[in-house]
Amino acid sequence: MSDKILVVGEVADGELRNVSFEAIAAAKEISADAEVVALLLGDGDLNGQAEAMIHHGADRALTVSHENLKEYTSEGYGQAVMEVMEDEEPTGVVMGHTSIGKDVTPKIAGRLELGLISDAIEIEKDGDQVVFTRPIYSGKAFEKKVIKDDGLIFVTIRPNNIAMLEKDESRSGDISAKEVDIKDLRTVIKEIIRKKTDGIDMSEANIVIAGGRGVKSEEGFKSLYELADLLGGAVGASRGACDAEYCDYSLQIGQTGKVITPDLYIAVGISGAIQHLAGMSSSKVIVAINSDEDANIFNIADYGIVGDLFEVMPLLVEEIKQLQ
Amino acid sequence: MNIYVLLKKTFDTEDKIVISDGQIEDDSAEFIINPYDEYAVEEAIVQRDKHGGNVTVVTIGDEDSEKQLRTALAMGADDAVLINTEDDLEEGDQFTTTKILEAFFEDKEVDLILAGNVAIDEASGQVGPRLAERLDIPFVTTIVDLEIDGKTAKIDKDIEGDVEKLEVDLPLLVTCQQGLNEPRYTSLPGIMKAKKKPLEELEIDDLDLDEDDVEAKTETVDIFLPPEKQAGRVLEGDVADQVKELVDLLKNEAKVL
């Protein structure tokens, strides 16, 4: 029997998230000749998104439109995905390790008593076995994990780690709508309050500018936001900065916050405690700006500037403006 | 209200990870309550104090796990259960843990189960939702606010920085996110009292399970440390020149701009 891998797409603000395209690439890494079936859930026309998934390497797409899928709920999505799984009998299921992926995959794994590997960053083959690498202890160590006994390959992948396939608009494939019966939901969403300043999620951003205690105030973060805007990046923070209420805890990077792997990480006024390093030390290029030349952050930074951040940041903003 | 907290011990966040013989060395590690589980313990106590009831803290671990349970009791939990798997299980995964907890909860009347949204060691975040599904109760992950009004919970859920406001009826399982509360410190009288609070110890046999029932669905085949990051260059000269040089390096050497 040949492999069939279901990739559950995820939409934010009407657009598919990059991690959904990365999940298609992951499916191909799991099994090069698998049929990759994209699944799009929502309420309304999903054909554009289905097409985008096919352009990024899916062989065909299923859409499920239902009023109970308008907003994400674990119950709505869970029922829809499980019904499609029952129909399609895939040999693998891949999703992004996002707020939604983290929420719905363990529900499905719990119901169907499946093994599930969360937050994979690398996929390799060892004979017939698919081996997933995932960070543990927030990136202080890594483990390689397999699904035992030829079970369904069920995995979520961390955004920004597995390269998506090149978009090919000449690709075509079957798109079919599927009716799914979704029972009443027990959770009722009243409202969603947008707090993010822009559309770029920190875990998916290529560039992250993070501030620490050295930034000294909420006001002090302004230059970080300015730089992030210029570079199309996101702003993050150390625990110290969050504890001091310079910014929201949702921005926290580190062992009790987010673990991120951007191409460029600029640490501004961050000393580099071991808990913080766990959250960002796998970034490809690290820049540290700190007035304390003995700060631990310099031990892992590719480039460092020892200096007053309030002097350095405006200059850096200007320099980037000129570059553009 | 019957409130349960799922708790596990983890390495202190200060600890470095050392690997020997393909295993993570834990002889010299300092163990703490998983930080996210601490929010769960705190919230359980706050809700009990508001609505009455009982807080039971449950952990799966070894005999040393008693320490973290006593800490939770010292914070104000009423009783604790240690499911000791030291002699029975070599390796387990999230399926294993869920199976054991499912058996534990089989004969329990539950209004609210709280857990951390993730443990800072394995960091899969699976056990909460898996367990809710097995118990056929709804769950909400990464909560940052909880208000219980009769049989209804009003919840603020963090979704990657945005906040979703939702309502759901009890019984319910929630997983706790940073920002939910400030866990209290234990006081000396609290610690003294905790020594006398009930702590039940069970083995999987007591839950009518054997090794085969809980056999893991996944297997760890290797554990390794990341390559050590080398310190790079600290730039020199006038600050304005350093900034110019930095932008040049990022553009032309690192090629990230």
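Throughout, read-outs are computed from the coordinates displayed, never taken from laboratory work. Owing to the predicted nature of the structure, the values given are computational and were not obtained by experimental measurement. Here Cβ is always computed from backbone atoms with ideal geometry, including for glycine, and neighbour counts include all displayed protein chains.
Packing here is the average count of other Cβ atoms within 10 Å per residue, and on that basis the peptides A:68-81, B:139-152, highest first, run A:68-81, B:139-152. With a simple spin-label model that places each label point 7 Å from the Cα along the Cα-to-Cβ direction, the separation between A:Ile189 and B:Asp78 comes to 3.6 nm. For chain A, modelled as a GNM whose springs connect Cα atoms under 10 angstrom apart, the maximal fluctuation among A:Ala244, A:Ala34, A:Ala278 occurs at A:Ala244. Here the label points at A:Ser217 and B:Glu182, each 7 Å from Cα along the C-beta direction, are separated by 2.2 nm in the simple model.
Peptide B:150-161 is shielded by partner chain Cβ atoms: per residue, an average of 4 of them sit within 10 Å of its Cβ. Counting every alpha-carbon pair across chain A, the share separated by more than 35 Å comes to 28%.
With the highest mean first, a sort of the peptides A:117-127, B:24-34, A:5-15 on other beta-carbon atoms found within 10 angstrom per residue produces A:5-15, A:117-127, B:24-34. Taking the inverse of the mean reciprocal distance over all distinct Cα pairs, the Kirkwood hydrodynamic radius of segment A:165-248 comes to 16.7 Å.
Which one, B:Leu170, A:Val84, B:Ile137, projects farthest toward the positive side of the charge dipole computed for the protein assembly as shown from Cβ point charges (K/R +1, D/E -1)? The one lying farthest along the dipole's positive direction is B:Leu170.
Start at zero, step by 5 Å, and the Cα-Cα distances of segment A:202-323 spread as 2, 13, 25, 28, 22, 8, 1, 0 percent across the bins. Straight-line reach from B:Lys217: taking Cα to Cα under 21 Å and skipping same-chain neighbours fewer than 8 places apart, the lysines in range are A:Lys4, A:Lys102, A:Lys107, A:Lys125, A:Lys144, A:Lys145, A:Lys148, B:Lys8, B:Lys99. Taken residue by residue and averaged, Cβ atoms of other chains lying within 10 Å of the Cβ of A:258-271 number 1. Amide hydrogen proximity for A:Lys4: with H placed 1.01 Å from N in the peptide plane, the residues at 5 or more positions away or on another chain lying under 5 Å are A:Glu35, A:Thr91, A:Gly92.
Which of these, A:Arg60, A:Arg158, A:Arg111, has the largest mean-square fluctuation under a Gaussian network model of chain A (Cα springs below 10 Å)? The residue with the greatest mean-square fluctuation here is A:Arg111. Averaging 1/r over every pair of different alpha carbons in chain B and inverting the result gives a Kirkwood radius of 20.4 Å.
Amide H contacts of A:Ala12 (H built 1.01 Å from N, in plane; Pro and chain starts excluded): A:Arg17 sit under 5 Å, all sequence-distant by 5 or more or on other chains. Within the protein assembly as shown, DSSP assigns beta bridges of which about 35% are antiparallel (rounded to the nearest 5).
In segment B:17-166, the DSSP beta bridges split such that about 70 percent are antiparallel, to the nearest 5.
Less than 5 angstrom separates the built amide H of B:Ala153 from those of B:Val168, B:Asp169, B:Leu170, all sequence-distant by 5 or more or on a different chain.
Across segment B:54-60, rounded Karplus estimates of 3J(HN,Hα) from the backbone phi angles (6.51 cos²θ - 1.76 cosθ + 1.60, θ = phi - 60°) give 9, 10, 10, 9, 10, 9, 10 Hz, Gly and Pro being marked x.
Placing unit charges on the Cβ atoms only, positive for Lys and Arg and negative for Asp and Glu, gives the protein assembly as shown a dipole magnitude near 1740 debye about its Cα centre. Of the beta bridges in chain B, as assigned by DSSP with both residues counted there, near 40 percent are antiparallel. Can you give the FRET efficiency for A:Glu83 and B:Glu211, using 1/(1 + (r/R0)^6), R0 = 35 Å, r = Cβ-Cβ distance, to the nearest 0.05? It comes to 0.55. Neighbouring Cβ atoms from other chains, within 10 Å of the Cβ of residues in A:69-79, number 2 on average. Once the C-beta distance of A:Asp3 and A:Ser291 is scaled by a Förster radius of 60 Å, the resulting FRET efficiency is 0.65 to the nearest 0.05. Across the protein assembly as shown, Cα-Cα distances exceeding 48 Å account for 10% of all pairs. Each Lys and Arg adds +1 at its Cβ and each Asp and Glu adds -1 at its Cβ; summed about the Cα centre, chain B shows a dipole of about 1460 debye. Spin-label model, B:Ser28/A:Ala177: points 7 Å from Cα along the beta carbon direction are separated by 6.4 nm. Which of A:Gln275, B:Leu235, A:Ser74 sits closest to the plus end of the dipole of the protein assembly as shown, meaning its Cα is farthest towards the positive end, when Lys and Arg get +1 and Asp and Glu get -1 on the C-beta? Positive-end residue among those listed: B:Leu235. Out of B:Val18, B:Val234, B:Val214, any idea which swings most in a Gaussian network model of chain B, alpha carbons joined below 10 Å? The residue with the greatest mean-square fluctuation here is B:Val234.
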